[in-house]
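Read the structure below first, then the notes.
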Amino acid sequence: MMCGIDQAIQHIREDCSGLFWMQQVINRLEYHRKQAIGIKPKYHNGQSIRNYYTCGNCGKMVEIQDNFCAGCGFRIMWDNIRCLTGLPLVDAAERSEHDV
């Protein structure tokens, strides 16, 4: 039987309530759920070299093109590619006015 992480946690809580390892299994499944959902990177203003981003979970440096952290395997949730490139955010109405 295949089920999602939430259903697996629910089944473990219902069926394995008396077993000593139940909380360890639930903790591991919740960790994998967080890993799949992802985490936002942390921005660091480089004083002498350059600006950089680190993983919000383990702190390993990540590049803009990375979708997953090489250190912990968490998915990196970038906000928007325009936020990362420094381009101004212009909505469609302003764009059409500039094109005319």
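The values are calculated or read from the model by the stated rules, or taken from the named source; none is laboratory data. Values in this document were obtained by computation on a predicted structure and should not be read as measured data. Backbone-built Cβ (ideal geometry, glycine too); neighbour counts: all protein chains shown.
Per-structure values
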read-out	value
Residue, nearest to Ile5 (Cα to Cα), within region 52-96, restricted to residues that are part of a loop (DSSP other than H, G, I, E, B) and at pLDDT below 75	Asn80
Checklist (1) of a type in the set (A, V, I, L, M, F, W, C); (2) surrounded by 14 or more Cβ atoms within 10 Å (Cβ to Cβ); (3) at pLDDT below 85 applied to Cys3, failing item	(2)
Whichever residue in region 6-46 is among the small types (Gly, Ala, Ser) and part of a helix (DSSP H, G or I) and, among such residues, is surrounded by the fewest Cβ atoms within 10 Å (Cβ to Cβ)	Ala36
Positions within region 41-51 being at pLDDT below 85 and charged (D, E, K, R), in sequence order	Arg50
Failed criterion for Ile49 (all others in (1) surrounded by 12 or more Cβ atoms within 10 Å (Cβ to Cβ); (2) out of contact with any Gly (no Cβ under 8 Å at 6 or more places or on another chain); (3) not in a helix (DSSP H, G or I) hold)	(1)
